[in-house]
Amino acid sequence: MTDARTKEAIRYLGYGRHAVDEQTLALIDVSFGELDQTTQAKSVYRIFDCKVTGEDQVTIGKMNIKSRSLGKNLRGCKEAVVFGATLGTSVDILMKRYSLTDMAKSVVLQACAAAYLEEYCDDLQLSIGEELKAQNKWLRPRFSPGYGDFDIHHQDDILRMLDTAKKIGLTMTDSYMLTPTKSVTAIIGISDTQEKCHIKGCEVCEKKDCIYRRN
Ligand code: SF4
C-alpha cells in the first residue's frame, strides 16, 4: 500500500491520476531512504497576539500585514502561531549532487524532499494543536508568505520574529527565497472555536461554506 508521503511525492511529480511506473516508485523509495539518512530537520515557533482589523488588515505581534485572504482566514483569532521549519543544508547538498549526476533521480528527490517537509510540518502542527487543545484552543490551516495576497516580503519579518538564523540556521536570499531551500515559514491562527480544519488546508477541506475559508 502506498503511504501518505509517497502519494504526496507522486502528486508533486505531476502524475495526477495516472499510474506511476515501477521504476519511478523504486526511485521514490530510495529517495525517501536517503532523506531519512540525511535530513536534519529543525523547527521553531512562537505564539503572538493577533488582531484582524478591517477586511485586509492583520497585526501579528509587531508585524502589520495587508492581506484579504489571510484576514479572512484569521478572523476571530486573538493569537497566532508563527512558525519556521527546515530540512537543513544537508538536503540541499544531496539535491545539488544529484542535479549534477543523475537528472531523473534529481527530479524525484526534489519531489520527495517537498513531501518530506510537508509531512514534517503537518506533524509539528498536529503536536502544537494537541497542546493547545488542552486549553480549548484550535488551529486554523498554515498560511505562508507568498500564498494568495500574503506578500512574500513578510518572510523577512517572520525570520526576525523567530530569530531563525540563530535558532535553526534558516535565512533568506535578497529575493526572499529561503535558505536552505527545503524550508517553510507560516502563520497558523489560534481560534477559541473548533472549526475542524483540515491539516492540508482549505483547498482540500470539505467545509465549502466555511466563513474562514481562504481563497
Ligand atoms: S475551510 Fe476548512 S480548513 Fe479552511 S478554515 Fe474552514 S474549516 Fe478550516
When H154, H198 are ranked with the fewest other C-beta atoms within 10 Å first, the list becomes H198, H154
Proxy exposure order for M95, M161 (fewest C-beta within 10 Å first) is M161, M95
Selected from N73, N64, N136 as most flexible by GNM, with the chain as the system and alpha-carbon contacts under 10 Å: N136
Excluding residues on the same chain fewer than 8 positions from K208, give the aspartates and glutamates whose Cα lies under 13 Å from its Cα. E195
So what's segment 4-204 giving for Rg/Rh, alpha carbon basis, Kirkwood Rh from the mean inverse pair distance? 0.99
Links that overshoot a 20 Å alpha carbon limit, given the list K72/K137; K51/K196; K51/K137; K105/K182; K105/K200; K72/K200: K51/K196; K105/K200
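Going by how many other beta carbons lie within 10 Å of each one, how would you line up S67, S127, fewest first?
Details: S67 23, S127 10.
The fewest-first ordering by Cβ neighbours comes to S127, S67.
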Cα-based reach from K66 at 18 Å (exclusive), listing aspartates and glutamates while leaving out same-chain residues under 8 positions away: D49, E55, D56, E79, D149, D151, D156, D157
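Would you kindly state the longest site-free stretch of the chain, with sites defined as trypsin sites (Lys or Arg not before Pro) in a DSSP loop (not H, G, I, E, B) surrounded by at most 14 other Cβ atoms within 10 Å? Before the final figure, lay out the partial values.
Working: sites that count: R17, K62, K78, K196, K200, K207, K208.
Longest stretch, sites excluded: 79-195.
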Between T89, T59, T193, where does the largest GNM mean-square fluctuation fall for the chain, given springs only between Cα atoms within less than 10 Å? T193
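Read-outs throughout are calculated quantities, based only on the coordinates presented, and are distinct from any laboratory measurement. The structure presented is a predicted model; accordingly, all values stated were derived computationally and were not measured. Because the Cβ atoms are built from the backbone with ideal geometry, glycine has one as well, and the counts that use them run over all protein chains shown.
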